[in-house]
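Reviewing the structure listed below.
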Amino acid sequence: MRNSPANFTSRRRLFVGMMRYAALGVLCAAAGLLAAKRYRLRRKAVCINDGLCRGCEVFEKCRLPLALSAKKTLEE
């Protein structure tokens, strides 16, 4: 009993589709973990930008000592 080419194509499409959705799931999980980590660090008042204040998106609202020092230096 031989398998028809259509049967192989169907299995191939199924496998490719499964791998595509698995990769999408992994990417979404990684993005969720990164977002959760960033939120947790922001809530604990830990610098989220490794001490690089000028390029930080929350620089204006930041109350960490390093940011306050940078703001004071920029004012002078």
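Some observations on this one:
- Computed with a 1.4 Å probe over protein heavy atoms only, the accessible area of Thr73 comes to about 90 Å².
- With every protein chain in place, the chain: carbon and sulfur % of accessible area (1.4 Å): 62 percent
- Under 13 Å from Lys72, Cα to Cα: aspartates and glutamates that are on another chain or at least 8 residues apart: Glu60
- Put Lys44, Lys71, Lys37, Lys61 in order of accessible area, highest first, and with a 1.4 Å probe you get Lys61, Lys44, Lys37, Lys71.
- Size of electric dipole in the chain: Cβ of Lys, Arg +1 and of Asp, Glu -1, about Cα centre, debye, nearest 20: 520 debye
- Largest to smallest accessible area among Leu52, Leu74 [probe 1.4 Å]: Leu52, Leu74
- Convex hull volume per residue in cubic angstrom - Cα atoms of the chain: 111 Å³
- With θ taken as phi - 60° and the Karplus curve 6.51 cos²θ - 1.76 cosθ + 1.60 applied, the whole-hertz 3J(HN,Hα) list for segment 11-20 is 5, 4, 4, 4, 5, 4, x, 4, 5, 4 Hz, x standing for glycine and proline.
- Computed accessible area, Cys28, all protein chains, 1.4 angstrom probe, square angstrom: 80 Å²
The values are calculated or read from the model by the stated rules, or taken from the named source; none is laboratory data. Predicted, not measured: the structure shown is a model, and the values here were computed from it. Counting neighbours? That spans all protein chains shown, and the Cβs are built from the backbone with ideal geometry, glycine included. Just so you know, the surface numbers come from the protein's heavy atoms only, side chains and all, with ligands and any DNA or RNA stripped out. Shrake-Rupley method; radii C 1.70, N 1.55, O 1.52, S 1.80 Å.
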